[in-house]
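**Student:** Here you go, one structure.
The values are calculated or read from the model by the stated rules, or taken from the named source; none is laboratory data. These numbers come from a predicted model, not from an experiment. Cβ coordinates were reconstructed from backbone atoms using ideal geometry, including for glycine residues, and neighbour counts include every protein chain displayed.
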Amino acid sequence: MNYWLVRAKWGGVENKKAEFINNDEWINGYTDKYLDIVNRVQVEDVLLLAEDSTITHYGICSENYQDGRHLIVDKWILLKEPISFPARGAYIKTIMKVNDEDLINSIKHEIDKTLISNETKIKAISIENFTVFDKEDLAFSDGLNIVVGENGTGKSHLLKLLYALLVSINRIDYASINRLPHSDLKRFEKEMDIISSISNTVDASLMAVFKSEALDSLISYDKNRCDIHINLDTCQIRFRIIKSDMSDYPAEYAHVDIEEQNLVTDFFEKSCVFIPAKEMLSFYEGFVSLYENRETSFDEIYYNLAKVLSLPALKNIQSYPVETQLLAKLEEILEGKIVLERGRFYLAFNNGHKTEIALVAEGLRKIATIAQLIANGSLTKNSILFWDEPEANLNPKLIKKMAEVLVELSRAGMQLFIATHSLFLVKEIEILRSKDDKLKYFGLGFIGQAIRVSQSDDFEGLDDIVILDEELEQDDRFLSKKED
């Protein structure tokens with residue numbers, strides 16, 4: 001396998017990067033230069049698409065037309081982190097084989113990081129004695145996961161738990177661990193460093209996301225411990241929170257055990273975003289500074305969301321075809337674009353009018369949040385999105401639009417977890433659903449004081465759901481009233 005540096009701009013012509021990415025190809029812009037080099041590219045070789053002195057995408061060559069100009073790739077993949085290289089000498093050519101071993105090693109490392117990030121999904125979780133949950137084993141869809149149930153059944157708790165664990169794994173400092181002297185990098189010692197790091201980050205993330213006074217508040221009432229086992233594509237993490245009997249340590253402490261064969265030892269970072277039930281665009285201004293410097297009642301979810309909302313829009317969104325299509329659909333619903341100016345959000349309508357976001361309907365503000373996150377690259381087709389009650393404060397017309405957005409995000413490749421008690425939203429999703437859509441339902445309800453969880457690929461396959469029972473009972477009362 002060879003690595004080829006290819007450019008999307010030559011001879012002063014416009015940048016062809018977006019065109020190449022959309023068409024999954026690379027074309028030599030000259031009719032009389034570099035022809036022999038292009039013809040040397042073999043199927044399965046790696047093409048590295050460069051802009052100035054930065055490699056942003058890579059693709060595997062699937063076909064060479066042998067005309068000195070046309071190369072086809074299976075698909076262009078955006079690197080997790082762009083790779084810088086010395087843009088001088090041979091590396092300023094339109095196409096050039098990469099021979100620098102250090103650069104090749106950097107490329108391989110970034111490709112591995114990108115593959116881990118892109119392919120990781122949450123496959124399953126086992127919970128025992130966590131908040132309102134007794135003992136549950138939940139297996140998730142790679143697409144849209146819908147948690148339904150009445151208030152108090154743990155819908156938000158489940159989403160927050162998954163998010164906190166993912167954030168915890170993201171925060172492991174693999175780089176520092178890997179910088180230890182070589183003698184300290186024995187497998188066992190390295191695993192112990194990672195286990196210690198996970199233990200500390202899980203503890204901190206759970207406290208910050210649930211904003212509990214002590215970690216033992218998350219253990220079910222009258223229980224002494226809780227056990228949680230999360231299963232990702234790339235690793236499995238099992239940990240336990242145990243009540244402390246030591247008077248000097250009244251809070252909880254987490255024990256984290258990792259299954260050795262699934263341990264990620266070099267890199268893990270998965271793009272994930274949590275959107276709470278309360279939209280935050282309207283009170284975004286000054287929020288990050290307030291959270292960092294003052295005590296507030298907001299949990300870390302709002303802070304993390306505010307930070308990613310603050311990122312500027314991507315310079316060349318056309319280079320991301322899937323995200324471009326999603327953004328266009330959202331802006332069609334909004335009838336404009338979301339803009340951030342002087343620390344405040346506005347909706348710039350297509351007719352030229354601009355309105356501060358606080359004066360826009362809350363339903364549109366929720367859709368505008370997704371638009372901003374896609375426009376600035378915080379949400380991509382490879383992200384995991386958690387959304388608590390996306391239908392809250394939306395009228396039926398906008399709930400229909402919200403259902404379209406959720407289904408489109410799922411079809412783009414995003415894994416979604418939403419919590420809802422809106423039967424209207426569920427019905428709209430079912431109307432839009434095709435046989436190829438990846439979707440799973442989780443029904444949460446009460447049996448006495450205990451929580452019952454059922455799961456099914458079809459909404460009708462769930463056990464009795466209160467939101468369905470209540471609507472059917474309302475229909476009966478309505479018909480009875482009309483008959484009177």
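**Student:** Quick one: which strands (runs of 3 or more DSSP E) sit completely within the stretch 344-390 and have at least 2 residues that are touching a residue at least 12 places away in the same chain (Cβ under 8 Å) and of a type in the set (Phe, Trp, Tyr)?
**Tutor:** Details: elements: 344-349, 354-356, 384-388.
By residue number, 344-349, 384-388.
**Student:** Residue under question is Thr54, and the condition is that it be at negative phi, touching a residue at least 24 places away in the same chain (Cβ under 8 Å), out of contact with any strand residue (DSSP E or B) (no Cβ under 8 Å at 6 or more places or on another chain) and among the polar types (S, T, N, Q); does it hold?
**Tutor:** The answer is no for Thr54.
**Student:** With respect to the numbered conditions (1) of a type in the set (Gly, Ala, Ser); (2) more than 30 Å from Asn23 (Cα to Cα); (3) touching an Asp or Glu at 6+ places or on another chain (Cβ under 9 Å), which one is the sole condition not fulfilled by Ala368?
**Tutor:** Only one criterion in (1) of a type in the set (Gly, Ala, Ser); (2) more than 30 Å from Asn23 (Cα to Cα); (3) touching an Asp or Glu at 6+ places or on another chain (Cβ under 9 Å) is unmet by Ala368, namely (2).
**Student:** While we're here: Can you find a residue that is in contact with a helix residue (DSSP H, G or I) (Cβ under 6 Å, 6 or more places away or on another chain), outside any strand (DSSP E or B) and farther than 30 Å from Ser378 by Cα anywhere in the stretch 73-96?
**Tutor:** No, the stretch 73-96 contains no residue that is in contact with a helix residue (DSSP H, G or I) (Cβ under 6 Å, 6 or more places away or on another chain), outside any strand (DSSP E or B) and farther than 30 Å from Ser378 by Cα.
**Student:** Given the conditions (1) out of contact with any helix residue (DSSP H, G or I) (no Cβ under 9 Å at 6 or more places or on another chain); (2) closer than 26 Å to Ser117 by Cα; (3) surrounded by 17 or more Cβ atoms within 10 Å (Cβ to Cβ), report the number of the one that Val41 does not fulfil.
**Tutor:** Exception for Val41: condition (2).
**Student:** Might you check whether a residue that is of a type in the set (Asp, Glu) and more than 17 Å from Thr114 (Cβ to Cβ) occurs anywhere in the stretch 61-84?
**Tutor:** The first filter runs over the stretch 61-84 and keeps only residues of a type in the set (Asp, Glu), leaving 63, 67, 74, 81.
After this cut, where a residue has to be more than 17 Å from Thr114 (Cβ to Cβ) as well, the list is 63, 67.
Looking through the stretch 61-84, at least one residue is of a type in the set (Asp, Glu) and more than 17 Å from Thr114 (Cβ to Cβ).
**Student:** Pull out all pairs, ordered by first then second residue, where Cβ-Cβ is under 9 Å, the residues are six or more apart or on different chains, the first lies in the stretch 323-338 and is at positive phi, and the second is part of a helix (DSSP H, G or I) and acidic (Asp, Glu).
**Tutor:** From the stretch 323-338, no pairs qualify.
**Student:** Scan Ser183, Ser141 and give me the residue that is among the hydroxyl-bearing types (Ser, Thr, Tyr) and either at pLDDT below 95 or touching an Asp or Glu at 6+ places or on another chain (Cβ under 6 Å) (or both). Working first, answer last.
**Tutor:** Numbers: Ser141 fails: either at pLDDT below 95 or touching an Asp or Glu at 6+ places or on another chain (Cβ under 6 Å) (or both).
Answer to the check: Ser183.
**Student:** Scanning for something polar (S, T, N, Q) and modelled with pLDDT of 75 or more, does the stretch 460-479 turn up at least one residue?
**Tutor:** Taking every residue of the stretch 460-479 in turn, none turns out to be polar (S, T, N, Q) and modelled with pLDDT of 75 or more.
**Student:** Then there is this: Which of the residues belonging to the stretch 1-32 are without any contact (Cβ under 8 Å) to a residue 24 or more places away in the chain and either closer than 14 Å to Thr56 by Cα or hydrophobic (A, V, I, L, M, F, W, C) (or both)? So that I can check it myself, show each step before the final result.
**Tutor:** Filtering the stretch 1-32 down to residues without any contact (Cβ under 8 Å) to a residue 24 or more places away in the chain leaves 11-14, 16, 19, 23, 32.
Listed by number, the residues that qualify are Val13, Lys16.
**Student:** For residues in the stretch 412-456 being among the β-branched types (Val, Ile, Thr) and part of a helix (DSSP H, G or I), which is surrounded by the most Cβ atoms within 10 Å (Cβ to Cβ)?
**Tutor:** Ile429
**Student:** With the requirement that a residue be touching a residue at least 40 places away in the same chain (Cβ under 8 Å), surrounded by 14 or more Cβ atoms within 10 Å (Cβ to Cβ) and not aliphatic (A, V, I, L, M), what does the stretch 62-89 give you?
**Tutor:** Gly68, Arg69, His70, Trp76, Lys80, Phe85, listed by residue number.
**Student:** Before we move on, is Ile92 surrounded by fewer than 20 Cβ atoms within 10 Å (Cβ to Cβ), of a type outside the set (Ser, Thr, Tyr) and either touching an Asp or Glu at 6+ places or on another chain (Cβ under 8 Å) or within 26 Å of Thr324 (Cα to Cα) (or both)?
**Tutor:** no
**Student:** Right, something else. Out of Asp36, Asp67, Asp32, which single residue is more than 33 Å from the chain's Cα centre (by Cα), on the phi < 0 side of the Ramachandran plot, among the acidic types (Asp, Glu) and part of a helix (DSSP H, G or I)?
**Tutor:** Asp36
**Student:** Would you pick out the residues in the stretch 1-29 that are part of a loop (DSSP other than H, G, I, E, B), in contact with a Lys or Arg (Cβ under 6 Å, 6 or more places away or on another chain) and not polar (S, T, N, Q)?
**Tutor:** Ala8, Asp24 - these are the residues of the stretch 1-29 that are part of a loop (DSSP other than H, G, I, E, B), in contact with a Lys or Arg (Cβ under 6 Å, 6 or more places away or on another chain) and not polar (S, T, N, Q).
**Student:** Run down Ser117, Ser141 and say which single residue is in a helix (DSSP H, G or I), touching a residue at least 12 places away in the same chain (Cβ under 8 Å) and small (Gly, Ala, Ser).
**Tutor:** Sole residue among the options that is in a helix (DSSP H, G or I), touching a residue at least 12 places away in the same chain (Cβ under 8 Å) and small (Gly, Ala, Ser): Ser117.
**Student:** Also, quick follow-up: Suppose the filter is in a strand (DSSP E or B), of a type outside the set (A, V, I, L, M) and closer than 30 Å to Leu444 by Cβ; does Asp134 pass it?
**Tutor:** Numbers: in a strand (DSSP E or B): yes; of a type outside the set (A, V, I, L, M): yes; closer than 30 Å to Leu444 by Cβ: yes.
Yes: the conditions hold for Asp134.
**Student:** Still on this structure, please answer the following. Of everything in the stretch 226-250 that's within 29 Å of Glu269 (Cα to Cα) and more than 26 Å from the chain's Cα centre (by Cα), which residue is modelled with the lowest pLDDT?
**Tutor:** Among residues in the stretch 226-250 that are within 29 Å of Glu269 (Cα to Cα) and more than 26 Å from the chain's Cα centre (by Cα), the one modelled with the lowest pLDDT is Ile242.
**Student:** Before we move on, is Leu47 surrounded by 13 or more Cβ atoms within 10 Å (Cβ to Cβ), in contact with a strand residue (DSSP E or B) (Cβ under 7 Å, 6 or more places away or on another chain) and either of a type in the set (A, V, I, L, M) or not in a strand (DSSP E or B) (or both)?
**Tutor:** The answer is yes for Leu47.
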